[in-house]
Amino acid sequence: MREQLLAARRSIADDVRAGEARSLTEHLDAVVSSGSTVCAYVPVGGEPGSIEMLDLLLRRTGRVLLPVARTTANDSPVALQWGEYRPGQLVAARFGLLEPGGPWLPATTLAEASVVFVPALAVDRAGVRLGRGRGFYDRTLVHRDPRARLIAVIRDEELLDELPHEPHDVPMTHALTPGRGLIELGGGA
């Protein structure tokens, strides 16, 4: 299923992807409030979103944290660290990611966020999220504030009726899509 979803994303024309990114950005007013801390991500490959979305989040909230992905010596994923987003200061990192330069904050910093935007290949109506399969977010979301909104950012057709899940999966509370905006999911806390 991951390969099918990734192939579908790769087939999207650049102008369609850019239009969807603009639409996602337009929906942010309904999602964030001023003076809050938001965790987000820098989209890579065909992931929905844009740097402009991060810029708007920073102007709107005042603090945007981005993930820093690291592994152990044997290449096992560990919980994500976080870094402050500063426009124009992202650095190339492993896995084709762009990350903030140091200093980095511990995984537990996630608890300061009222909204966490989570990359996803798909999410279902119960909140089950399909990621890329490495487990970085599974290891990290346990540190969230239980009242935080966990928002899977996806394309409209990536909201599915049902996905397989495992006991360690943390359900998303919402999905954000270009066409439908913010959607509350059944698994939300």
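Among the residues of the stretch 10-17, is there at least one that is in contact with a Leu (Cβ under 6 Å, 6 or more places away or on another chain) and either open to solvent by less than 40 Å² (accessible area, probe 1.4 Å) or closer than 26 Å to ARG134 by Cα (or both)?
Here is the first cut: in the stretch 10-17, the residues in contact with a Leu (Cβ under 6 Å, 6 or more places away or on another chain) are none.
No: the stretch 10-17 contains no residue that is in contact with a Leu (Cβ under 6 Å, 6 or more places away or on another chain) and either open to solvent by less than 40 Å² (accessible area, probe 1.4 Å) or closer than 26 Å to ARG134 by Cα (or both).
Does the stretch 71-106 hold any residues that are hydrophobic (A, V, I, L, M, F, W, C) and either open to solvent by 60 Å² or more (accessible area, probe 1.4 Å) or in a strand (DSSP E or B) (or both), and which are they?
Once the filter is applied, which keeps residues that are hydrophobic (A, V, I, L, M, F, W, C) and either open to solvent by 60 Å² or more (accessible area, probe 1.4 Å) or in a strand (DSSP E or B) (or both), the stretch 71-106 yields ALA73, TRP82, LEU90, VAL91, ALA92, PHE95, LEU98, TRP104, LEU105.
Go over the candidates SER50, SER114, SER76 one by one and state the one that is of a type in the set (Ser, Thr, Tyr) and touching a helix residue (DSSP H, G or I) at 6+ places or on another chain (Cβ under 6 Å).
Answer to the selection: SER50.
Would you mention how many residues in the stretch 54-70 are part of a helix (DSSP H, G or I) and open to solvent by less than 10 Å² (accessible area, probe 1.4 Å)? Please lay out each step first, then the result.
Restricting attention to the stretch 54-70, the residues satisfying the condition of being part of a helix (DSSP H, G or I) are 54-61.
Next, from what is left, pick out any that are open to solvent by less than 10 Å² (accessible area, probe 1.4 Å): 54, 57, 61.
Going through the stretch 54-70 one residue at a time, the tally reaches 3.
Kindly list the number of the only condition in (1) without any contact (Cβ under 8 Å) to a residue 60 or more places away in the chain; (2) over 14 Å from LEU66 (Cα atoms) that fails for LEU182.
Failed condition: (1).
So, in the stretch 138-176, exactly how many residues are more than 17 Å from GLU112 (Cβ to Cβ), within 12 Å of the chain's Cα centre (by Cα) and open to solvent by less than 20 Å² (accessible area, probe 1.4 Å)?
Of the residues in the stretch 138-176, 6 are more than 17 Å from GLU112 (Cβ to Cβ), within 12 Å of the chain's Cα centre (by Cα) and open to solvent by less than 20 Å² (accessible area, probe 1.4 Å).
All but one of (1) outside any loop (DSSP other than H, G, I, E, B); (2) over 14 Å from the mean Cα position of the chain (by Cα); (3) not polar (S, T, N, Q) hold for ILE12, so report the exception by its number.
With (1) outside any loop (DSSP other than H, G, I, E, B); (2) over 14 Å from the mean Cα position of the chain (by Cα); (3) not polar (S, T, N, Q) applied to ILE12, the lone miss is (1).
Among the residues that make up the stretch 1-11, is at least one of them closer than 21 Å to TYR137 by Cβ, of a type in the set (S, T, N, Q) and free of Cβ contacts under 8 Å to residues at least 12 places away in the same chain?
yes
This table checks each residue for (1) among the β-branched types (Val, Ile, Thr); (2) within 30 Å of PRO146 (Cβ to Cβ).
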position: VAL38; (1), (2): yes, yes
position: GLY45; (1), (2): no, no
position: LEU56; (1), (2): no, yes
position: THR61; (1), (2): yes, yes
position: TYR85; (1), (2): no, yes
position: GLY101; (1), (2): no, no
position: VAL115; (1), (2): yes, yes
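Just checking, does the stretch 79-101 include any residue being touching a residue at least 60 places away in the same chain (Cβ under 8 Å) and not hydroxyl-bearing (Ser, Thr, Tyr)?
yes
Can you name every residue in the stretch 29-53 that is out of contact with any Pro (no Cβ under 9 Å at 6 or more places or on another chain) and not in a loop (DSSP other than H, G, I, E, B)? Before the answer, list the steps.
Our first condition is that a residue be out of contact with any Pro (no Cβ under 9 Å at 6 or more places or on another chain); within the stretch 29-53, this holds for 29-38, 45-46, 52.
If the condition is that a residue be out of contact with any Pro (no Cβ under 9 Å at 6 or more places or on another chain) and not in a loop (DSSP other than H, G, I, E, B), then ASP29, ALA30, THR37, VAL38, GLU52 are the ones that fit.
Within the stretch 56-110, count every residue that is of a type in the set (Phe, Trp, Tyr) and in contact with a Leu (Cβ under 8 Å, 6 or more places away or on another chain).
2
Looking only at the stretch 114-130, which residues are under 13 Å from the mean Cα position of the chain (by Cα) and open to solvent by less than 10 Å² (accessible area, probe 1.4 Å)?
Quick first cut of the stretch 114-130, residues under 13 Å from the mean Cα position of the chain (by Cα) only: 115-123, 129-130.
VAL115, VAL116, PHE117, VAL118, ALA120, LEU121, ALA122, VAL123 - these are the residues of the stretch 114-130 that are under 13 Å from the mean Cα position of the chain (by Cα) and open to solvent by less than 10 Å² (accessible area, probe 1.4 Å).
I want to confirm something. Restricting to the stretch 26-53 and keeping residues that are among the acidic types (Asp, Glu) and open to solvent by 60 Å² or more (accessible area, probe 1.4 Å), which single residue is modelled with the lowest pLDDT?
ASP29
The values are calculated or read from the model by the stated rules, or taken from the named source; none is laboratory data. None of these values were measured; they are calculated from a predicted model. All Cβ positions, glycine included, derive from the backbone under ideal geometry; neighbour counts span all protein chains shown. The accessibility values were calculated without ligands, DNA or RNA, using every heavy atom of the protein model including side chains. Shrake-Rupley method; radii C 1.70, N 1.55, O 1.52, S 1.80 Å.
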